[in-house]
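Heads up, the thing below is written out as structure tokens.
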Amino acid sequence: MPGTLTIKDTTLDGKCTHTLTLEMLNATVTVRELIRQRVYQEVQDHNRAQPEYFRGLVQPTDAEQTLNGYKLRKRRKIDWEKQFKQAVEAFERNGFLVLVDERQAEGLDETLTLKADTQVSFVKLVPLVGG
């Protein structure tokens with residue numbers, strides 16, 4: 001494939017809440033590498049513009065979750081490697097699912113073959129309160 005890949009963040013009912021486009025160099029990639037590329041790109045985008053809110057896969061340290069994303073206490077650059085580590089940990093504890101063409105990726109080392117029409121969704125899971 002090499003080319004662009006559009007990633008969607010979705011809710012459990014399929015509603016898209018955010019999209020991100022990645023430049024992919026290879027047609028085969030592991031789930032870990034896909035997460036790494038996604039986190040790297042979203043952190044680079046944030047660090048260039050330094051908006052009030054971070055729209056990313058995982059919550060940065062010292063940030064508050066809001067409807068618009070993660071509100072940082074003060075505008076600052078984010079360390080992509082820390083975000084990547086948190087994202088891997090979140091994936092391993094089922095904090096989010098990765099769906100590739102509507103099939104759930106099972107592990108970080110699973111190899112994915114990307115095609116021009118591949119659909120990738122990250123579904124964030126929300127813990128139940130009181131349950």
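Checking the conditions here, which among Thr11, Thr21 is out of contact with any helix residue (DSSP H, G or I) (no Cβ under 7 Å at 6 or more places or on another chain), open to solvent by 70 Å² or more (accessible area, probe 1.4 Å) and among the hydroxyl-bearing types (Ser, Thr, Tyr)?
Sole residue among the options that is out of contact with any helix residue (DSSP H, G or I) (no Cβ under 7 Å at 6 or more places or on another chain), open to solvent by 70 Å² or more (accessible area, probe 1.4 Å) and among the hydroxyl-bearing types (Ser, Thr, Tyr): Thr21.
Given the options Gly3, Gly56, name the one that is in contact with a helix residue (DSSP H, G or I) (Cβ under 6 Å, 6 or more places away or on another chain) and surrounded by 12 or more Cβ atoms within 10 Å (Cβ to Cβ).
Being in contact with a helix residue (DSSP H, G or I) (Cβ under 6 Å, 6 or more places away or on another chain) and surrounded by 12 or more Cβ atoms within 10 Å (Cβ to Cβ) holds for just one of Gly3, Gly56, which is Gly56.
Restricting to the stretch 60-74, name every residue that is assigned to a strand (DSSP E or B), open to solvent by 90 Å² or more (accessible area, probe 1.4 Å) and within 24 Å of Arg32 (Cα to Cα).
Answer for the stretch 60-74, where residues must be assigned to a strand (DSSP E or B), open to solvent by 90 Å² or more (accessible area, probe 1.4 Å) and within 24 Å of Arg32 (Cα to Cα): there is none.
Out of everything in the stretch 75-123 that is among the basic types (Lys, Arg) and either farther than 19 Å from Thr61 by Cα or open to solvent by less than 40 Å² (accessible area, probe 1.4 Å) (or both), what residue ends up being farthest from the chain's Cα centre (by Cα)?
If we take residues in the stretch 75-123 being among the basic types (Lys, Arg) and either farther than 19 Å from Thr61 by Cα or open to solvent by less than 40 Å² (accessible area, probe 1.4 Å) (or both), then Lys115 is farthest from the chain's Cα centre (by Cα).
Take the conditions of a type in the set (D, E, K, R) and either at pLDDT below 90 or at positive phi (or both) and apply them to Lys82. Does it pass?
no
Evaluate the following for Leu57: is it part of a loop (DSSP other than H, G, I, E, B), more than 21 Å from Leu114 (Cβ to Cβ) and in contact (Cβ under 8 Å) with a residue 40 or more places away in the chain?
Against the criterion (part of a loop (DSSP other than H, G, I, E, B), more than 21 Å from Leu114 (Cβ to Cβ) and in contact (Cβ under 8 Å) with a residue 40 or more places away in the chain), Leu57 does not qualify.
The values are calculated or read from the model by the stated rules, or taken from the named source; none is laboratory data. Please read all numbers here as calculations on a predicted model, not as lab measurements. Cβ coordinates were reconstructed from backbone atoms using ideal geometry, including for glycine residues, and neighbour counts include every protein chain displayed. Ligands, DNA and RNA are stripped out before the accessible areas are found, and what is left, the full protein with its side chains, is counted by its heavy atoms. Shrake-Rupley method; radii C 1.70, N 1.55, O 1.52, S 1.80 Å.
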